[in-house]
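Chemist: Structure provided below as structure tokens; questions to follow.
The values are calculated or read from the model by the stated rules, or taken from the named source; none is laboratory data. Just so we're clear, the structure is a prediction, and the values are computed from it rather than from any experiment. All Cβ positions, glycine included, derive from the backbone under ideal geometry; neighbour counts span all protein chains shown. Side chains included, ligands, DNA and RNA excluded: accessible areas come from the protein's heavy atoms. Shrake-Rupley method; radii C 1.70, N 1.55, O 1.52, S 1.80 Å.
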There are 2 protein chains.
Amino acid sequence: MSALLSLLREQIEHFSPQEKRLAEHILENPEHVQRLGITELAAECGTSPATVTRFCKSLRFKGFPDFKMRLIGELSRPAEAGTYQDIVAGRPLKEIVRAIESNHLSSITDTTRLLDPEALERAVTALSSARRIDLYGMGTSSIVAQDFYQKLIRLGKSCTAFADSHMQITSASTLNEGDVALAISYSGETPETIAALQCAKDAGAMTLSLTRYGTSPLPALADIPLFTSSLEEGVRRGAMASRIAQLHVIDILFTGIVSEGFEEYVPMLEQSYHNVRQYLKPSGGA
Amino acid sequence: MSALLSLLREQIEHFSPQEKRLAEHILENPEHVQRLGITELAAECGTSPATVTRFCKSLRFKGFPDFKMRLIGELSRPAEAGTYQDIVAGRPLKEIVRAIESNHLSSITDTTRLLDPEALERAVTALSSARRIDLYGMGTSSIVAQDFYQKLIRLGKSCTAFADSHMQITSASTLNEGDVALAISYSGETPETIAALQCAKDAGAMTLSLTRYGTSPLPALADIPLFTSSLEEGVRRGAMASRIAQLHVIDILFTGIVSEGFEEYVPMLEQSYHNVRQYLKPSGGA
DNA sequence: AAATTATAAAGAAAAATATTTTCATTCATA
DNA sequence: TATGAATGAAAATATTTTTCTTTATAATTT
């Protein structure tokens with residue numbers, strides 16, 4: 001609770017009736033009050049603007065705008081990354097925003113803490129030197145695979161990220177030593193993804209997994225298992241925190257690869273960015 | 001550096017001479033500016049109050065007080081958790097991890113600060129009551145559209161997220177009043193995405209955009225523009241921070257929708273989760 | 001190249017809005 | 001009944017926005 005709000009709460013008994021109503025209203029929903037003018041605030045509290053100015057002055061502010069300025073300042077401190085919060089019915093949107101921010105922040109910090117630097121190092125090296133890279137994932141994890149695919153393609157890497165599990169297996173069967181397969185699954189238990197990684201392993205590829213932290217079939221199978229923090233519950237409801245954690249790890253891998261081959265890769269990235277604009281610019285026809 | 005100030009620095013070259021002087025003055029001493037009235041600020045910059053309001057409006061604020069409010073909010077945040085860091089050649093992986101963590105955390109907190117609660121509220125309401133939802137995005141933004149698509153489908157929403165721009169237009173042409181179109185583009189300048197949203201608007205649909213903060217064609221077109229924090233540089237190199245910011249907003253929208261129809265939606269989410277396991281379990285054949 | 005026509009930028013002043021002050025009234029208390 | 005704190009209505013003031021006009025710049029035509 002901010003200094004200003006605590007002050008109001010503390011002093012509330014010393015206020016006159018109308019001032020008390022003001023204080024209560026402000027304490028009840030400060031985020032709302034911060035976007036009100038003096039007339040609106042007065043109306044919402046069933047009092048007059050004059051009373052509001054006097055109220056602000058009695059709190060030793062120069063006037064209402066001065067008070068509002070302080071309120072805005074105190075309310076705009078970021079939510080701290082804490083425990084994961086579940087979303088329940090009919091909450092005001094501002095609470096939802098706060099909860100989701102907190103979840104996503106936690107997701108990133110927790111995942112970072114979990115990362116095994118050595119495994120990460122090996123993963124980057126493997127991916128960097130891979131002749132070919134296969135990415136496997138079903139459902140939402142397929143989205144993450146697609147994202148990594150788009151990145152790797154820009155580096156000129158030979159890479160596939162089929163959403164179709166038959167195609168994944170088909171692709172996996174053609175891998176060889178020197179190739180890398182990365183399987184993504186939050187639970188680590190997705191049968192199709194396990195099958196694809198098993199197939200890749202049998203074909204001789206180096207296998208990587210990205211799952212939630214804990215024991216599950218996928219990391220057991222992988223040569224290099226990587227983990228995100230786990231969040232339970234929310235996943236079933238399609239929460240994004242798991243996706244963000246996965247993308248966070250993917251970005252670290254990608255940046256690691258780019259950093260290793262900086263001279264070669266950065267021009268390629270810039271080039272692909274410019275070419276998309278360049279070649280699609282002149283005429284809109286197709 | 002706060003989102004607002006970075007925006008000013010970024011866009012300063014696109015401003016008119018007087019606006020440039022304003023931006024420079026604000027960047028030079030924001031703490032001082034936050035306690036000025038519009039007349040004083042204008043005087044200090046040797047310009048007129050009219051120019052100042054126009055300047056604020058062009059930055060998508062409701063007016064000068066709205067701008068000042070945001071400035072105050074951003075300045076009163078405790079020392080930045082992290083400025084965006086660019087990745088350079090051959091750094092130890094440990095440093096890369098730290099830099100990326102910092103980038104992603106900033107991306108989320110900055111984006112949260114930027115969210116306009118009112119726009120968010122309207123967006124959630126529009127999406128909740130939409131008869132049909134179209135999602136547009138090219139390249140990496142297409143990934144974000146896909147993610148939202150996967151979520152909305154689980155709620156039984158009628159929704160499309162074509163990656164092909166011809167299909168996007170085709171779909172957009174068939175929209176009607178009561179339908180919603182959401183266009184995603186980091187730059188806000190992707191021609192195909194603009195075309196699709198324009199088409200949707202002409203067809204009578206309510207239009208939403210999700211772009212980086214600032215002025216660009218897409219939010220100008222949209223009925224409800226939503227923004228993520230902007231990070232410039234990294235984007236060209238395919239950095240993930242912009243994606244994470246977009247997904248963060250998407251998750252807020254989605255959770256807002258679910259929260260509005262909690263009783264109806266949560267069972268659907270649980271059901272779809274279980275059905276995927278159930279129906280794919282017994283025999284592996286296909 | 002010169003002249004003309006758009007277009008954009010910017011300020012002055014008017015209009016609209018927001019805030020503060022003044023003043024009159026009410027209500028509780030002595 | 002007098003006193004004074006609390007309050008609101010309305011006037012005064014301050015602030016912001018809009019409108020209108022001028023000026024400068026770019027684009028187009030002759």
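Chemist: For chain A, what relative contact order do you get, as a whole percent, if you take Cα pairs closer than 8 Å and at least 6 residues apart?
Modeler: 14 percent
Chemist: Which distances, shortest first and in nm, link A:Ile12 to the matching position in the other copies, using label points set 7 Å out along Cα to C-beta?
Modeler: Reported distances to equivalent positions: 4.6 nm.
Chemist: So what J values fall out for the stretch A:265-271 if you push phi through Karplus, 6.51 cos²θ - 1.76 cosθ + 1.60 with θ = phi - 60°, rounded to Hz, Gly and Pro as x?
Modeler: Rounded to whole hertz, the list is 7, 4, x, 5, 5, 4, 4.
Chemist: From the square roots a ≥ b ≥ c of the eigenvalues of the alpha-carbon gyration tensor of chain A, which class results: rounded (a/c under 1.5), prolate (a/b over b/c), or oblate?
Modeler: prolate
Chemist: Let me check something: with ligands and nucleic acids excluded, how do A:Asp66, A:Asp202 order by accessible area (1.4 Å probe), largest to smallest? Mind showing how you got there, number by number?
Modeler: Numbers: A:Asp66 50, A:Asp202 115 Å².
Reading off the accessible areas and sorting them downward yields A:Asp202, A:Asp66.
Chemist: Now a separate question. Quote the FRET efficiency, to the nearest 0.05, computed for B:Ala220 versus B:Glu118 with a Förster distance R0 of 25 Å and r equal to the Cβ-Cβ distance.
Modeler: 0.85
Chemist: Another question, if that's okay. What does the charge dipole of the stretch A:3-75 about its Cα centre add up to, to the nearest 20 debye, if the Cβ of each Lys and Arg holds +1 and the Cβ of each Asp and Glu holds -1?
Modeler: Computed charge dipole of the stretch A:3-75: roughly 300 debye.
Chemist: Let me ask another. Could you check the simple spin-label distance between A:Arg60 and A:Glu95, using points 7 Å along Cα→Cβ, in nm with one decimal?
Modeler: It works out to 3.4 nm between the two label points.
Chemist: Suppose you put the label 7 Å out from Cα in the Cβ direction; list, shortest first and in nm with one decimal, how far B:Thr39 is from each other copy's label.
Modeler: From this label point to the equivalent ones elsewhere in the assembly: 1.9 nm.
Chemist: Based on alpha-carbon centroids, what's the gap between the stretch B:1-78 and the stretch A:155-219 in Å, whole number please?
Modeler: 51 Å
Chemist: Keeping every protein chain in place, order A:Ser141, A:Ser158 by accessible area at 1.4 Å, biggest value first, i.e. largest first.
Modeler: Reading off the accessible areas and sorting them downward yields A:Ser158, A:Ser141.
Chemist: Please give the length that would be gained between A:Ile153 and A:Leu280 if that part of the chain were fully extended, namely 0.36 nm times their separation in residues minus their C-alpha to C-alpha distance (nm, one decimal).
Modeler: Details: separation 127, 0.36 × 127 = 45.72 nm, distance 1.86 nm.
Additional length available on full extension: 43.9 nm.
Chemist: Taking only DSSP H segments of four or more residues, each worth -39500 (n - 2.57), what value at 222 nm results for chain A once the sum is divided by all its residues, to the nearest 500 deg cm²/dmol? Could you put the intermediate results ahead of the total?
Modeler: Values: 14 runs with 169 residues, N = 286.
About -18500 deg cm²/dmol.
Chemist: Write down the Å³ per residue value for the convex hull defined by the alpha carbon atoms of the protein assembly as shown.
Modeler: 170 Å³
Chemist: Going down the list A:Lys94/B:Lys281; A:Lys62/B:Lys20; A:Lys68/B:Lys20; A:Lys62/B:Lys57, which pairs span over 30 Å between their C-alpha atoms?
Modeler: Cα-Cα > 30 Å for A:Lys94/B:Lys281; A:Lys62/B:Lys20; rest within.
Chemist: Let me ask you something else. Taking each label point as 7 Å beyond Cα in the direction of the beta carbon, state the distances from A:Glu189 to the same residue in the other copies, shortest first, in nm.
Modeler: 4.8
Chemist: Given a 1.4 Å probe and no ligands, DNA or RNA in the count, how much accessible surface is buried by B and A, both sides, to the nearest 100 Å²? Please report the intermediate quantities before stating the final value.
Modeler: Values: alone 14840 and 15690 Å², together 24590 Å².
Separately minus together, B and A give about 5900 Å² buried.
Chemist: Considering the dipole of the stretch B:116-273 built from charges on the beta carbon (Lys and Arg +1, Asp and Glu -1) around the Cα centre, which of B:Tyr149, B:Gly256, B:Ile133 is farthest to its positive end?
Modeler: Value computed over the given set: B:Tyr149.
Chemist: Once you charge only the Cβ atoms, +1 for Lys and Arg and -1 for Asp and Glu, what is the size of the charge dipole of the stretch B:90-144 about its Cα centre, to the nearest 20 debye? Spell out each step's value before the answer.
Modeler: Numbers: 7 positive and 7 negative charges, 39 e Å.
With only Lys, Arg, Asp and Glu charged at Cβ, the dipole is about 180 debye.
Chemist: Then there's this: Could you give the accessible area per residue of the stretch A:131-286, probe 1.4 Å, as a whole number in Å²?
Modeler: On the way: 6180 Å² over 156 residues.
I get 40 Å² per residue for the stretch A:131-286.
Chemist: Nearest 20 debye, what's the magnitude of the dipole of the protein assembly as shown about its Cα centre given +1 on Lys and Arg Cβ and -1 on Asp and Glu Cβ?
Modeler: 780 debye
Chemist: Now for a separate question. Build a GNM of chain B with springs between Cα atoms under 10 Å: which of B:Glu260, B:Glu44, B:Glu270 gets the top mean-square fluctuation?
Modeler: Checking each option, the largest mean-square fluctuation is seen for B:Glu270.
Chemist: Right, next: Counting only protein chains, not ligands or nucleic acids, how are A:Thr193, A:Thr53, A:Thr174 ordered by accessible area (probe 1.4 Å), most first?
Modeler: Sorted by accessible area, descending: A:Thr174, A:Thr53, A:Thr193.
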